[in-house]
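Colleague: One structure, pasted below without further comment.
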Amino acid sequence: MRFKGPRATAVALTLPLLAFIALSFVAPLGTLLSKSAYEPNVANILPRTLAALDGWSGVGPPAEATFAAIAEELPKARRERTLVRVAGPVNRLKSGMRRVLTRTAREVERTEFAGSWREALISINPAWEEPDTWLAIQAAGARFTLRHYLQALDLERRPDGSIGLQPEDSRIYMPLLWRTLLVSLGVTLLCLAIGYPIAHLIATSPPKRSNLLLLMVLVPFWTSLLVRTTAWIVLLQRQGVINSLLVALGLTPDSERLEMIYNMTGTFTAMTHVLLPFMVLPLYSVMRSIPPTHMAAAASLGANPVQGFIRVYLPQTLPGIGAGGLLVFILAIGYYITPALVGGRSGQLISNMIAYHVQTSLNWGLAAALSSILLVAVIGLYLIYSRLIGIDRMRLG
């Protein structure tokens with residue numbers, strides 16, 4: 001299709017924006033998601049070892065050729081500084097393998113062995129005699145794998161090849177994901193309960209008062225997220241402003257100050273405060289377009305204020321409720337800084353675990369799998385909203 005005239009100019013003007021989106025969003029997102037199922041490092045560094053393991057039954061130690069292959073490839077990986085790319089993935093499948101691989105590579109490089117490589121490696125570390133060691137190397141050597149998704153869903157592949165739930169005390173991510181969804185839903189409902197009357201007050205006030213109230217909503221919105229979150233730490237801690245006020249009023253004994261920070265209470269409070277403007281502004285945008293005569297007409301037809309609100313006013317604000325709810329929920333489901341600062345151990349969300357695997361454990365495959373699941377949840381929410389309300393009815397301003 002060829003474009004001419006103004007249409008070609010319009011298309012040309014959008015090209016820089018499309019290139020920016022592709023480079024800053026699509027490409028990084030695609031790279032991250034690919035890491036959840038594609039891990040070629042072990043296969044590239046230990047190709048001969050993995051080829052020798054292809055014919056292994058999985059029972060007992062493998063053949064001598066496999067020991068010889070890994071005895072050649074481990075020191076080479078150590079010299080090329082790529083051993084860490086092998087040790088990390090294998091260690092995640094079998095604890096302690098990082099130390100085994102590092103020590104074996106160092107000992108083999110230092111010593112000239114003659115005779116059986118099997119006996120030599122077992123003398124360095126008895127773990128080489130265990131089938132689990134070789135099974136971990138073989139599993140980590142798969143270029144394409146779903147093990148990160150299985151781990152993210154608290155599933156495991158059993159020895160017979162079936163997939164089942166991990167032991168209850170090992171399930172981490174699904175309870176955390178459900179907690180994230182419930183907290184996001186709770187914050188959304190709390191923002192709606194607080195934001196709806198605020199938006200109504202702003203929309204129905206005289207212009208001078210309305211501008212002042214709107215400014216009071218926007219000033220916290222413009223304030224740094226870190227500053228707002230830190231302020232709640234000062235307010236909610238045991239020796240903070242709120243606890244001291246409750247003690248001064250005699251409502252709480254000094255020895256029984258409330259625990260309102262570094263738990264779920266702190267997470268709910270700080271997140272609701274931070275995300276409240278995202279609920280108020282769409283609601284205000286819709287409410288200011290509703291003529292006041294509608295409620296007067298309902299009253300003239302015999303409806304009391306409650307009936308008029310439920311049957312006339314509330315239905316007209318549904319686009320604002322949907323838009324605000326969608327914004328708050330999507331932002332809450334991926335929140336990281338606020339739960340990290342005020343949530344403590346019990347107030348952490350799935351985003352904090354993703355950050356941990358990216359920054360600390362360096363398990364990018366698992367972090368990518370968790371991110372993919374979160375992305376699917378957000379897309380599903382968007383599709384549900386589009387189906388029930390219609391994205392064309394969204395009102396943001």
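The values are calculated or read from the model by the stated rules, or taken from the named source; none is laboratory data. As the structure is a computational prediction, the values presented were derived from the model and not from experiment. For neighbour counting, all protein chains shown are included, and Cβ atoms are generated from backbone atoms with ideal geometry for every residue, glycine included. These accessible areas exclude ligands, DNA and RNA; they are computed on the full protein's heavy atoms, side chains included. Shrake-Rupley method; radii C 1.70, N 1.55, O 1.52, S 1.80 Å.
Colleague: Considering the chain as a Gaussian network with a 10 Å cut-off on Cα pairs, which listed residue, Leu32, Leu23, Leu212, attains the greatest mean-square fluctuation?
Modeller: Most flexible of the set in this elastic network: Leu23.
Colleague: On to the next question. If you count only protein heavy atoms and use a 1.4 Å probe, how large is the accessible surface of Ile321, to the nearest 10 Å²?
Modeller: 40 Å²
Colleague: Mean-square fluctuation check for the chain, GNM, Cα pairs under 10 Å: which of Leu276, Leu225, Leu251 is largest?
Modeller: Greatest mean-square fluctuation among the candidates belongs to Leu251.
Colleague: Separate question: Mean separation of Cα pairs under 8 Å and 6+ residues apart, divided by the residue count of the chain: what relative contact order is that in percent?
Modeller: Answer for the chain is 18 percent.
Colleague: I would also like to ask the following. Using the C-alpha gyration tensor of the chain, what are the square roots of 5 times its eigenvalues, in whole angstrom, with the largest one first?
Modeller: Values: eigenvalues 627, 160, 73 Å².
Over the Cα atoms of the chain, the semi-axes work out to 56, 28, 19 Å.
Colleague: May I pose another question? Which of the chymotrypsin sites (Phe, Trp or Tyr not before Pro) found in region 25-78 are loop residues per DSSP with 16 or fewer other Cβ atoms within 10 Å of their Cβ?
Modeller: Trp56
Colleague: Treating the angle as unsigned and between 0 and 90°, give the value, to the nearest 10°, between the Cα long axis of helix 64-79 and the longest Cα principal axis of the chain.
Modeller: 60 degrees
Colleague: Sticking with this one: I'd like the chymotrypsin sites (Phe, Trp or Tyr not before Pro) in region 332-391 restricted to DSSP loop residues with at most 16 other Cβ atoms within 10 Å, sorted by number.
Modeller: Tyr336
Colleague: Report the full-extension gain for the segment Leu212 to Arg103: residue separation times 0.36 nm, less the Cα-Cα distance, to one decimal in nm.
Modeller: Taking 0.36 nm per residue and subtracting the Cα distance, the gain is 32.4 nm.
Colleague: Report the relative contact order of region 113-227, percent, no decimals, based on alpha-carbon pairs under 8 angstrom and at least 6 residues apart.
Modeller: Numbers: 40 pairs, mean separation 11.0, N = 115.
Reported as a whole number, the value is 10 percent.
Colleague: Using the Cβ atoms and a cut-off under 10 Å, what net charge is assigned to the surroundings of Ala136, where Lys and Arg are +1 and Asp and Glu are -1?
Modeller: Computed value for this residue: 0.
Colleague: Quick check: the distance between the Cα centres of region 324-343 and region 123-147, to the nearest angstrom?
Modeller: Comparing the Cα centres of region 324-343 and region 123-147, I get a distance of 39 Å.
Colleague: Determine the order of Arg103, Arg311, Arg147 by accessible area, beginning with the largest, at a probe radius of 1.4 Å.
Modeller: Of Arg103, Arg311, Arg147, the descending order of accessible area is Arg311, Arg103, Arg147.
Colleague: Using a Gaussian network model of the chain whose springs link C-alpha atoms within less than 10 Å, name the residue from Ala65, Ala199, Ala296 with the highest mean-square fluctuation.
Modeller: Checking each option, the largest mean-square fluctuation is seen for Ala296.
Colleague: Using a basic spin-label model with each label point 7 Å from the Cα along Cα→Cβ, how many nm lie between Ala19 and Leu165?
Modeller: Spacing of the two 7 Å Cα→Cβ label points: 5.3 nm.
Colleague: Moving on. Over all pairs of distinct alpha carbons, what does the Kirkwood formula give as the hydrodynamic radius of region 20-80, in Å?
Modeller: About 14.2 Å, per the Kirkwood formula over Cα pairs.
Colleague: With every protein chain kept in the model, how would you rank Leu53, Leu281 by accessible area, 1.4 Å probe, largest at the top?
Modeller: Sorted by accessible area, descending: Leu281, Leu53.
Colleague: Also, I was wondering about something else. Once the Cα atoms of region 1-105 are picked out, what are the Rg and Dmax in Å?
Modeller: Calculated on Cα positions, Rg and Dmax stand at 23.3, 74 Å.
Colleague: In whole angstrom, note down how far apart the Cα centers of region 46-95 and region 174-242 are.
Modeller: Answer, in whole Å: 54.
Colleague: Can you put His148, His200 in order of accessible area, largest first, using a 1.4 Å probe?
Modeller: Listed by decreasing accessible area, they come as His200, His148.
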